[in-house]
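What follows is one structure encoded as structure tokens, with my remarks underneath.
The values are calculated or read from the model by the stated rules, or taken from the named source; none is laboratory data. Remember, it's a predicted structure, so these values are computed and weren't measured experimentally. Virtual Cβ from ideal backbone geometry, glycine too; neighbours counted across all protein chains shown.
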Amino acid sequence: MRRRDLLLTAAAGALGAAEARKRKVLYFTRSAGFEHSVVRREGAQLSHSEKLLIEFGRRGGFEVECTKDGRVFDASLDQYDVIAFYTTGDLTGPSKDGSPPMTAAGKGKLLEAIAKGKGFVGFHSATDTFHSKGPRDQNQSEIDPYIAMLGGEFVIHGAQQEASLLLTSPKFPGAGNLGIAEGMPFTDEWYTFKNFAKDLHVILVQETEYMKGEAYQRPDFPATWARVHGQGRVFYTSLGHREDIWTNPFFQAIALGGLGWVAGAVEFGIPPNLDAVTPRASQLKGR
């Protein structure tokens, strides 16, 4: 079996092998701000990432329901084990594609469901959603409840480039299948972040030393992390802007591992390590 297939088979097992019951994921891709190409639909066709997440489900033994309709959060969320976001902007406002917005009550129901035990996965621009009030280039003392749940907030990005991610939690589900000692390079659109939750378990760190552009002239900071929100598990990765990232076996391994962990199909302790692995993460400017 090829190494690519080995990675995906092992990662998929993290979600499907623990229990026979098929788990269900709601994948929400509404863009109230910039719409990324990986979530853009052509007519009735599902987007690139929607098709691939459904394929992940076939491998991992879970079902994926895809929607851009914000009204889904006004209905019961009981049928879903995991809610995944690839979104932008204020989801209670209008979108360019005309999809129905989330209501304020729906946002509250989402956060309540996670606090009561639903899993949540955020891809890439999920951090560019429901921003906190205040200057974009500063940390805030009052953080939007959605951002507080997610554990970090998008600030800015520079030009796409190859950069290294340092693996700081090699035993996290999926990460152990990556076959690397410390780090790995990717070409993607790299976000910078602020308003980090203090209890983050950092899995991948953005190494900024050799990155080009003013946005990255700051100390290393978390790029993929996990945390617990009430009784719910939360996983976020900044990866996923480009189509080729979604077909990369390393991305698929860590994404499937995160899905498995938030769904409760695999157990792994996540002690906070933000201060240990990224001690100056909240420094947004300068080295």
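A few remarks follow.
- Scanning the range 120-134 for residues that are part of a helix (DSSP H, G or I) and touching a helix residue (DSSP H, G or I) at 6+ places or on another chain (Cβ under 7 Å) turns up Ala126, Thr127.
- Scanning the range 26-45 for residues being within 23 Å of Lys118 (Cβ to Cβ) and among the aliphatic types (A, V, I, L, M) gives a total of 3.
- Residue check, Leu239 in contact (Cβ under 8 Å) with a residue 24 or more places away in the chain, hydrophobic (A, V, I, L, M, F, W, C) and in contact with a strand residue (DSSP E or B) (Cβ under 7 Å, 6 or more places away or on another chain): yes
- Meets criteria (touching a helix residue (DSSP H, G or I) at 6+ places or on another chain (Cβ under 7 Å), surrounded by fewer than 23 Cβ atoms within 10 Å (Cβ to Cβ) and among the hydroxyl-bearing types (Ser, Thr, Tyr)) for Ser169: yes
Yes/no matrix, rows are residues, columns are (1) of a type in the set (Gly, Ala, Ser); (2) part of a helix (DSSP H, G or I); (3) surrounded by fewer than 22 Cβ atoms within 10 Å (Cβ to Cβ); (4) touching a Phe, Trp or Tyr at 6+ places or on another chain (Cβ under 8 Å):
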| residue | (1), (2), (3), (4) |
| --- | --- |
| Phe235 | no, no, no, yes |
| Asp244 | no, yes, yes, no |
| Ala255 | yes, yes, no, yes |
| Val266 | no, no, yes, no |
| Gly269 | yes, no, yes, no |
| Pro272 | no, no, yes, no |
| Ser282 | yes, no, yes, yes |
| Gly286 | yes, no, yes, no |
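- Residue list for the range 195-222, filter: among the hydrophobic types (A, V, I, L, M, F, W, C) and farther than 22 Å from Gly264 by Cα: Phe196, Val205, Met211, Ala215, Phe221
- Residue match in the range 149-163 (condition: touching a Pro at 6+ places or on another chain (Cβ under 9 Å) and over 21 Å from Val82 (Cα atoms)): yes
- Helices (runs of 4 or more DSSP H) (entirely within the range 1-119) containing at least 3 residues that are closer than 25 Å to Trp261 by Cβ, at pLDDT below 95 and among the aliphatic types (A, V, I, L, M): 3-16
- Residues that are loosely packed, with under 15 Cβ neighbours inside 10 Å and under 19 Å from the mean Cα position of the chain (by Cα) were ranked within the range 185-216; the one that is modelled with the lowest pLDDT is Pro185.
- First in the range 142-165 and under 13 Å from Ala197 (Cα atoms) and in contact (Cβ under 8 Å) with a residue 40 or more places away in the chain, second anywhere and surrounded by fewer than 18 Cβ atoms within 10 Å (Cβ to Cβ) and aliphatic (A, V, I, L, M), Cβ under 8 Å, 6 or more apart: Met149/Ala115
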